[in-house]
Amino acid sequence: MSINQIALVSLTSQISPSDLAATASAIQKQITRDLGPIWGIQATINSFPDLKSIPAGYWPITISETIDNPDDEGYHWSDVTNHPYAVVLYESDGSWQLTCSHETCEMLVDPYGKRTIVSDSIEDGQGRVGYLVEVCDPCEDSSFAYSVNGILLSDFYTPNYFDPIQNAAVRYSFTGAITSPKQVLKNGYLSWQDTISLKWFQATYFDAAIQIDDVTNAMQRASGPLRSKIDRITKNPNKRLSFGTSSEKHSKAKAAFEKSTKSYQENFIQELQKLMTLPTWR
């Protein structure tokens with residue numbers, strides 16, 4: 001199995017090298033422990049100080065204070081050499097880390113933004129349709145995120161998400177927040193193409209109830225691969241509203257992680273001091 005390699009680079013001075021490295025470390029654990037075994041993926045993610053430091057063949061994820069689609073927090077695409085990449089909007093509340101996780105998971109499962117899975121439509125009368133594989137979108141709200149190394153990372157659905165029937169013994173998303181096939185959680189969405197009419201549809205849960213719309217015209221006006229088109233036409237007005245509450249909810253887990261990490265660091269420093277003189281900048 002080939003190993004995909006991802007480079008995480010900050011284009012803003014608002015992110016310290018240590019925060020960038022900590023984010024890469026948390027997402028690496030997510031890839032190795034959570035996403036990889038479920039989707040059959042192997043990948044590494046490392047932080048780099050700038051774009052010129054990225055080795056050839058790596059898939060870059062850049063974080064900056066502005067991106068070309070101001071209505072979105074991030075998206076992934078592929079460049080002229082057919083290498084996938086992602087861009088993430090920096091947010092001072094720390095939600096950029098959650099977005100990095102979201103884009104990493106989706107880029108690894110669908111590198112070129114055009115993978116579809118055929119299953120029965122959630123819209124009555126459509127029959128079999130082709131769902132665009134966006135593993136984080138139906139559960140993208142931060143209220144469904146989970147903590148890794150004290151950092152909130154995105155939930156994602158499993159291949160069983162497109163099963164024909166519900167099975168109580170099956171996991172439909174990593175955290176278990178999704179409990180049935182093709183379920184769209186609050187502030188999430190799901191997109192598909194009718195294989196007969198070739199029209200595109202989208203189920204959004206941005207208001208009080210799920211709404212299904214024909215988005216064919218909007219898709220035709222948008223540019224790029226399928227995934228990028230969906231990103232550009234989907235306007236989620238609630239995407240960041242719950243981040244503060246979700247972050248507070250996970251604050252105990254973050255505090256516990258930081259406490260245990262500090263203890264580990266101090267013990268290791270004391271151990272090294274027995275063997276050598278450590279530099280003053282430690």
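The values are calculated or read from the model by the stated rules, or taken from the named source; none is laboratory data. On a predicted model such as this, the values are computed, not experimentally measured, just so you know. Virtual Cβ from ideal backbone geometry, glycine too; neighbours counted across all protein chains shown.
When the criteria are applied in full, LEU98 fails the requirement of being closer than 20 Å to PRO37 by Cβ, under 10 Å from the mean Cα position of the chain (by Cα) and touching a residue at least 60 places away in the same chain (Cβ under 8 Å).
Number of residues in segment 172-219 that are touching a residue at least 60 places away in the same chain (Cβ under 8 Å) and of a type in the set (D, E, K, R) equals 2. Taking (1) modelled with pLDDT of 95 or more; (2) at positive phi in turn, ASP34 satisfies each apart from (2).
For segment 126-151, the set of residues classified as assigned to a strand (DSSP E or B), touching a helix residue (DSSP H, G or I) at 6+ places or on another chain (Cβ under 9 Å) and among the aliphatic types (A, V, I, L, M) consists of LEU132, VAL148, ILE151, listed by residue number. Selection of strands (runs of 3 or more DSSP E) fully inside segment 22-81 by the criterion of at least 2 residues being aromatic (Phe, Trp, Tyr) returns 74-78.
In segment 152-170, how many residues are more than 13 Å from the chain's Cα centre (by Cα) and assigned to a loop (DSSP other than H, G, I, E, B)?
Residues meeting the conditions: 9.
If you go through segment 241-282 and keep only what is part of a loop (DSSP other than H, G, I, E, B), touching a Ser or Thr at 6+ places or on another chain (Cβ under 6 Å) and under 30 Å from VAL215 (Cβ atoms), you end up with just SER242. Picking from residues in segment 111-125 that are at negative phi and either assigned to a loop (DSSP other than H, G, I, E, B) or aromatic (Phe, Trp, Tyr) (or both), the one that is surrounded by the fewest Cβ atoms within 10 Å (Cβ to Cβ) is ASP124. Screening segment 13-35 for residues that are free of Cβ contacts under 8 Å to residues at least 24 places away in the same chain and not charged (D, E, K, R) and picking the one that is surrounded by the fewest Cβ atoms within 10 Å (Cβ to Cβ) gives SER13. Being among the acidic types (Asp, Glu) and touching a Phe, Trp or Tyr at 6+ places or on another chain (Cβ under 9 Å) is the filter; apply it to segment 72-89 and report the residue that is nearest to ILE3 (Cα to Cα). Among those that are among the acidic types (Asp, Glu) and touching a Phe, Trp or Tyr at 6+ places or on another chain (Cβ under 9 Å), it is ASP79. For LYS52, the criteria (1) touching a residue at least 24 places away in the same chain (Cβ under 8 Å); (2) more than 13 Å from GLN5 (Cβ to Cβ) hold in every case but one, which is (1). If you go through segment 192-212 and keep only what is over 20 Å from ASN238 (Cα atoms) and surrounded by fewer than 14 Cβ atoms within 10 Å (Cβ to Cβ), you end up with ILE196, SER197, LEU198. Quick one: in segment 213-257, which of the residues that are in contact with a strand residue (DSSP E or B) (Cβ under 7 Å, 6 or more places away or on another chain), β-branched (Val, Ile, Thr) and under 21 Å from HIS102 (Cα atoms) is surrounded by the most Cβ atoms within 10 Å (Cβ to Cβ)? Going through the qualifying residues, I end up with ILE230.
Buried (at least 21 other Cβ atoms within 10 Å of the Cβ) and more than 21 Å from GLY244 (Cβ to Cβ): does that describe ILE61? Yes: the conditions hold for ILE61. Scanning segment 200-240 for residues that are within 21 Å of VAL135 (Cβ to Cβ) and assigned to a helix (DSSP H, G or I) turns up MET219, LEU226, ARG227, SER228, LYS229, ILE230, ASP231, ARG232, ILE233.
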